[in-house]
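The values are calculated or read from the model by the stated rules, or taken from the named source; none is laboratory data. Bear in mind that the values here come from a model prediction, so they are computed numbers and not experimental data. Methodologically, a virtual Cβ is constructed for each residue, glycine included, from the backbone with ideal geometry; neighbour enumeration extends over all protein chains shown. Keep in mind that these areas ignore ligands, DNA and RNA; they rest on the heavy atoms of the full protein, side chains included. Shrake-Rupley method; radii C 1.70, N 1.55, O 1.52, S 1.80 Å.
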Amino acid sequence: MRLDILKSLNTERAARRAAVIVTDVASGEQRFVKAADVAADPLHDLLEARLRSGKSGMEETPQGRVFLTVHVPPARLVITGAVHISQALAPVAKLLGYDVVIVDPRTAFASPERFPDVKVIAQWPDEALPPLGVDRYTAFVALTHDPKIDDPALLHALARDCFYIGALGSKKTHARRLDRLKAQGVTDAALARIHAPIGLPIGAVSPPEIAVAIMAEITASLRRAPDRPAGAPRVAEMVE
């Protein structure tokens, strides 16, 4: 790898930004493509697909075969609410390779005993979230049903480019949530980014089933092309 490419790659990785190294198989020539520049690249469709998958591999192009070496930051899951669903959701997310953080100021819930091997921050979102560096490789889930916790957490997530934002609650509960967030100046376009009711519609009832539905929807948001229809509505009404 050329020294200039290595330096550029290290810069992007340090900033948690994705990039692809394109290697011409015949000539060995390489070029470096930042994620921010993919849309204008001649190979944008191939590059975007590889970035969504997070996998490197060989591709055929009109100019010949190329090997695309993909560098994508590890995905993170930030959960507000040390609740029963979180107890099921955290290990599933870790199994899928996510770095998981749980934020809940209620120390009776946010304890290492209830969440072994998971980072738990027993602080209010306003204190806990800024140092985490929430970004476009972060999935953000609000599960407390408590507006004093979930609303400021969602405001923080909406101000960043999270690839997924979801919130627990029925349609009625979510409508009230939207009214509160609108009153704080959030636009309709921003509010439309919230997946609520949360999760894919698998008929989930128990906390483990709801956790599976949530991770399925997060995975779809991470891997699916942005212009592809989601197909079906989200998980049916949750308990208010």
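Which residues does the label zone of THR107 cover in segment 130-171, counting backbone N under 19 Å from a point 7 Å along Cα→Cβ? Once the point is set 7 Å along Cα→Cβ of THR107, 149 turn out to lie under 19 Å by backbone N, inside segment 130-171.
Ligands, DNA and RNA excluded, the heavy atoms of GLU113 present near 150 Å² of accessible surface to a 1.4 Å solvent probe. Between THR187 and GLU127, residue separation times 0.36 nm minus the direct Cα-Cα distance comes to 19.2 nm.
Think of a 1.4 Å ball rolled over the protein heavy atoms: the chain then has 51 Å² of accessible area per residue. Placing +1 on the Cβ of every Lys and Arg and -1 on the Cβ of every Asp and Glu, with no other charges, gives the chain a dipole of roughly 60 debye about its Cα centre. In plain terms, the C-alpha convex hull of segment 107-200 casts an average shadow of 6.6 nm² when viewed from every direction. The share of accessible area on segment 75-153 that comes from carbon and sulfur is 57 percent, using a 1.4 angstrom probe. Peptides 200-206, 116-122, ordered by how many other C-beta atoms sit within 10 Å of their residues on average, highest first, read 116-122, 200-206. Karplus-based coupling profile of segment 50-66, in residue order and whole Hz: 5, 5, 5, 6, x, 10, 7, x, 7, 9, 9, 10, x, 8, x, 7, 10, with θ = phi - 60° in 6.51 cos²θ - 1.76 cosθ + 1.60 and x standing for Gly or Pro.
Of all lysines in the structure, those lying under 25 Å Cα to Cα from LYS94, and not within fewer than 8 positions of it along the same chain, are LYS55, LYS119.
Working note: Cα atoms of segment 28-162, range along each principal axis, descending, whole Å: 60, 28, 21.
Relative to its residue count, segment 176-226 spans a Cα convex hull of 95 Å³ per residue. Annotation: extensible slack from ASP161 through ASP24 equals 46.1 nm (criterion: 0.36 nm per residue apart, minus Cα-Cα distance). Sorting the segments 183-193, 29-39 by their mean number of nearby beta carbons within 10 angstrom, highest to lowest, gives 29-39, 183-193.
Each residue, LYS148 and SER206, gets one label point 7 Å from its Cα in the Cβ direction; the gap between the two is 3.3 nm. Between ARG31 and HIS44, residue separation times 0.36 nm minus the direct Cα-Cα distance comes to 3.3 nm.
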